[in-house]
Amino acid sequence: MQINVPVEGPSAWMRRDVRGEDYLVELSTACLEEIRRAVDEIRAFPLPTILRHPDDFVMPACRRAMARVRQILDRGRRFAIVDRLPLSDMGRPPCIGCCRAWCRAQWRKSSTAR
């Protein structure tokens, strides 16, 4: 099948047209510190991730980073890379639990705003 009309919009792109700032979200020092504190709390009080709620953690810098990710996914290039979660420093399971809660907060906020 051949497409005979131009594909346009932010999700139609060629490699040469994509810049790092179009998709890359670097985590700030404040965001990484928020993640470290949340991971410490998860280690101290282990619960299944399904029981974790976004409001369990105070993470304003991380929420701003996720808002940027959401903006890229909704109105930008339609893919985002979050650089760099220090899994080796924190351990995979607690960091995943923290990030799931963090993502749930942004997705829930975004879906209720529509």
Exercise. Rule-of-thumb check for segment 20-113: C-alpha Rg over 2.2 N^0.38 Å?
Worked result: 1.06
For this session: Give, as a single signed number, the net charge of other residues whose beta carbon lies under 13 Å from the beta carbon of L27, with Lys and Arg counted +1 and Asp and Glu -1.
Result: 0
Exercise. Considering the dipole of segment 20-113 built from charges on the beta carbon (Lys and Arg +1, Asp and Glu -1) around the Cα centre, which of L85, C95, Q71 is farthest to its positive end?
Worked result: Q71
Problem set entry | Cα lying deepest toward the dipole's positive end in the chain, options T29, F45, W13, charges on Cβ | W13
Exercise. What order do you get for E33, E21 when you list them from fewest to most C-beta neighbours inside 10 Å?
Worked result: E21, E33
For this session: Please get the size of the charge dipole for the chain, origin at its Cα centre, with Cβ charges of +1 on Lys and Arg and -1 on Asp and Glu, quoted in debye to the nearest 20.
Result: 300
Exercise. What is the order of V82, V7, V18, fewest Cβ neighbours within 10 Å to most?
Worked result: V7, V18, V82
Exercise. Among M14, M66, M90, whose mean-square fluctuation peaks in a Gaussian network model of the chain (Cα, cutoff 10 Å)?
Worked result: M14
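No value in this document is a laboratory result; all are computed from the given coordinates. Quantities reported herein were computed from a predicted structural model and do not represent experimental measurements. With ideal geometry, Cβ positions are generated from the backbone for all residues, glycine too; neighbour counts draw on all protein chains shown.
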